[in-house]
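Reviewing the structure listed below.
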Amino acid sequence: MLRPMRKVKVSLGDRSYSILVGTNLLSRLGLECRSRGLGNRCAVVTDKHVDGLYRKAATHSLESAGIEPSFITIEPGETAKNLKSVNACYDQLAAQRLERGSFIVALGGGVVGDLAGFLAATYLRGINFVQVPTTLLAHVDSSVGGKVGVNLKAGKNLVGAFHQPSIVLCDLDTLDTLSEREFRAGLAEVIKYGIIYDAALFRQLERGLDALLKREKAPLAKVVARCCAIKAEVVAQDEKEGGLRAILNFGHTIGHALEAISSYGKYLHGEAISIGQIAAARLSRRIQGLSQSDETRIENLFVRAGLPTRVVLGKRERSKLTEAMRMDKKARDGDVRFVLADRIGRVHFGLNVPTEHIHSVLDSLSESRHSRSR
Ligand code: NAD
Ligand code: GLY
C-alpha cells in the first residue's frame, strides 16, 4: 500500500531539513517553501527537458502560495555542468534581481541540483535553496547531503561547496516521464546503498527489482525513502567527508574517471558508476575478502537492472583513465583511495590498492560475462 508521504530527517543542527517522499508533491512546493519562510521570490533553475514537463506545475504551486518565480533553463545533461553555465546563470540571477531574501529551486536531475546548489552556495555569498529532484538518481542521492558543484575538464565535481538545501521534495510522479535508460541509471545508486550499508535492502532489491523496473509507486516509495535515510545517517555523522561519507563513493573512483575520459558524453553517471562498482566488487574480492558468492550477486543485480558491467579500453584510454583517477578528490599525494566491501552491506574506506590489481581488474572488465564464466 502506498503511504501518503514518507518523511526522512537530515539532522545537522541548525541546518537540519526534511526529505519528503511521495506522490503529487510538486503541488506542495509553494506551501512547503512558504511554511519555511523562504521568501517571496525565487529563481527556478531547471533544464530544457524538465522545463517543458514541469514548469507549469511548479509555477502554479509557487504562485498559489504567493511566491513569484522566475526561470533559468540550462541545456540538459552532464556536458552543461560546468563553469560556463554557472557564469551564464549568475548573469541571469543578477538580471532577475534575486536578492539575499530570495531563494533558488533546483527542479531537475542531479546536474540541475548540483549546479543550482552551487549557484545558491555562491551567489550573494550564499542564499537558500530547495531541491525538487526529478530523476531516480537525484531522488536517492544527489539532492541529499549538500554536495554541490560542477565539473572541470580535468575531473568530475572538482569545483564545489557544501551547501545544504532547506527541504527536498521527492515527487515519485515525476519519475513517470523519465526515460528507461535514465531510470535504470538511477538504480545504480540504489544498489550502491545495499552494498555499502544495508544487506537487507540488497535482498529486497534482488526480490523486488521487477516491481521497481515497472515503477510501481509503493515499492519505489519504500526504497527511495530507505536510500535517503541511509544517506541522511551517513551525512549526519560526517557532513564534510572527513571519513565515513567516503563510503558513498563506492565505485565512483573508476566511474568518475570513465566519465572524465569520455568528455562526460558517453556514459550516464549511473552507467559509469555501475561499471565502477563491478570493478570495486572485483577489487574487494581480491583485497578485502569479499566472497565469490557476494561478488556474483552484485554483478547479477547490475545485469538484471540493465546496467553496463563491462568496458573495453585501448592502451591510450587506459593510461588516461589511471591519470583521471589520480584527480579523484579522495586521492592523497597522488595515491588513489578506494572504498571496498568485505561483504554485502559493509565497506571500508581510504584503502590503497596496488596498481597491478587495478590493471588486472580493468583487463577482466573487457571480457564478456560469458567468456569469463567459461
Ligand atoms: P541529469 O540531471 O543529467 O538528468 C538526466 C536526464 O534526464 C536529463 O536529460 C534530464 O533533462 C532528464 N530528466 C530529468 N528529469 C526528468 C523527468 N522527470 N522526466 C524526463 N526527463 C527528465 O542526470 P542525473 O542522473 O539525475 O544526475 C547525474 C548528476 O548527479 C551527475 O552530475 C553526478 O555527478 C551528480 N551526482 C551528485 C551527487 C551529489 O551528492 N551531489 C550524488 C550523485 C550524483
Ligand atoms: N554522492 C556522494 C556524496 O554525497 O557524498
Which pairs have Cβ atoms under 8 Å, sit 6 or more apart or on different chains, and link a residue in the range 342-361 that is charged (D, E, K, R) to one that is part of a strand (DSSP E or B) and at pLDDT 95 or above?
-> D342/H348
Can you find a residue in the range 44-62 that is at pLDDT below 95 and surrounded by fewer than 17 Cβ atoms within 10 Å (Cβ to Cβ)?
-> no
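Anything in the range 19-29 that is open to solvent by 20 Å² or more (accessible area, probe 1.4 Å) and within 17 Å of V144 (Cβ to Cβ)? List them, or say none.
Taking the range 19-29 as the starting set, the residues that turn out to be open to solvent by 20 Å² or more (accessible area, probe 1.4 Å) are 23-24, 27-28.
Within the range 19-29, no residue meets the criteria.
Here is a yes/no grid of residues against (1) within 13 Å of ligand 2 (Cβ to nearest atom); (2) buried (at least 21 other Cβ atoms within 10 Å of the Cβ):
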{"site": "E189", "(1), (2)": "yes, yes"}
{"site": "R203", "(1), (2)": "no, no"}
{"site": "R215", "(1), (2)": "no, no"}
{"site": "V223", "(1), (2)": "no, yes"}
{"site": "R245", "(1), (2)": "yes, no"}
Out of V86, V148, V111, report the one residue that is of a type in the set (V, I, T) and more than 7 Å from ligand 1 (Cβ to nearest atom).
-> V86
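Each row is one residue, and each column tells you yes or no for (1) touching a residue at least 40 places away in the same chain (Cβ under 8 Å); (2) hydrophobic (A, V, I, L, M, F, W, C).
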site	(1), (2)
R184	yes, no
I191	yes, yes
G194	yes, no
R207	no, no
L220	yes, yes
R226	no, no
K231	yes, no
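So is A161 within 15 Å of ligand 1 (Cβ to nearest atom) and within 20 Å of V8 (Cβ to Cβ) or not? Let's see the steps before the verdict.
Values: within 15 Å of ligand 1 (Cβ to nearest atom): yes; within 20 Å of V8 (Cβ to Cβ): no.
No: the conditions fail for A161.
Counting just the residues of the range 91-122 that are open to solvent by 30 Å² or more (accessible area, probe 1.4 Å) and outside any loop (DSSP other than H, G, I, E, B), which one comes out farthest from E189 (Cα to Cα)? Write out each step before concluding.
Filtering the range 91-122 for residues open to solvent by 30 Å² or more (accessible area, probe 1.4 Å) gives 91-92, 94-97, 99-101, 122.
Narrowing the set further to residues that are outside any loop (DSSP other than H, G, I, E, B) leaves 91-92, 94-95, 122.
On the way: D91: 34, Q92: 33, A94: 35, A95: 37, T122: 27 Å.
Looking at residues that are open to solvent by 30 Å² or more (accessible area, probe 1.4 Å) and outside any loop (DSSP other than H, G, I, E, B), I get A95.
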Looking only at the range 253-280, and only at residues there that are within 23 Å of E180 (Cα to Cα), open to solvent by less than 10 Å² (accessible area, probe 1.4 Å) and touching a residue at least 40 places away in the same chain (Cβ under 8 Å), the one that is nearest to ligand 1 (Cβ to nearest atom) = G270
Given the conditions (1) over 15 Å from the mean Cα position of the chain (by Cα); (2) farther than 23 Å from S11 by Cα; (3) within 10 Å of ligand 1 (Cβ to nearest atom), report the number of the one that D171 does not fulfil.
-> (2)
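Looking at R310, is it modelled with pLDDT of 90 or more, of a type outside the set (G, A, S), in contact with a helix residue (DSSP H, G or I) (Cβ under 9 Å, 6 or more places away or on another chain) and under 15 Å from N249 (Cα atoms)?
So R310 does not fit the description; no.
Picking from E78, E32, which residue would you name as being open to solvent by less than 50 Å² (accessible area, probe 1.4 Å) and modelled with pLDDT under 95? Show your work before the answer.
On the way: E32 fails: modelled with pLDDT under 95.
Of E78, E32, the one residue that is open to solvent by less than 50 Å² (accessible area, probe 1.4 Å) and modelled with pLDDT under 95 is E78.
Of all residues in the range 126-145, how many are farther than 8 Å from G110 by Cβ and near ligand 1 (Cβ under 6 Å from one of its atoms)? Talk me through it step by step, then tell me what you get.
Step one: list which residues in the range 126-145 are farther than 8 Å from G110 by Cβ, which gives 126-132, 134, 136, 139-140, 144-145.
Now drop any that are not near ligand 1 (Cβ under 6 Å from one of its atoms), which leaves 134, 145.
Qualifying residue count, the range 126-145: 2.
Let's see how each residue does on (1) over 24 Å from the mean Cα position of the chain (by Cα); (2) within 18 Å of S360 (Cα to Cα); (3) among the aromatic types (F, W, Y):
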{"position": "A280", "(1), (2), (3)": "no, yes, no"}
{"position": "G289", "(1), (2), (3)": "yes, yes, no"}
{"position": "R297", "(1), (2), (3)": "no, no, no"}
{"position": "N300", "(1), (2), (3)": "no, no, no"}
{"position": "V303", "(1), (2), (3)": "no, no, no"}
{"position": "L307", "(1), (2), (3)": "no, no, no"}
{"position": "L321", "(1), (2), (3)": "no, yes, no"}
{"position": "A324", "(1), (2), (3)": "no, yes, no"}
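Regarding the range 94-102, can at least one residue be identified that is near ligand 1 (Cβ under 7 Å from one of its atoms) and without any contact (Cβ under 8 Å) to a residue 40 or more places away in the chain?
Initially, the range 94-102 is screened for residues near ligand 1 (Cβ under 7 Å from one of its atoms), giving none.
The answer is no, given that none of the residues of the range 94-102 is near ligand 1 (Cβ under 7 Å from one of its atoms) and without any contact (Cβ under 8 Å) to a residue 40 or more places away in the chain.
The values are calculated or read from the model by the stated rules, or taken from the named source; none is laboratory data. These numbers were taken from a predicted model, which means no experiment stands behind them. FYI the Cβ positions are ideal-geometry reconstructions off the backbone, even for glycines, and counts take in every protein chain you see. Keep in mind that these areas ignore ligands, DNA and RNA; they rest on the heavy atoms of the full protein, side chains included. Shrake-Rupley method; radii C 1.70, N 1.55, O 1.52, S 1.80 Å.
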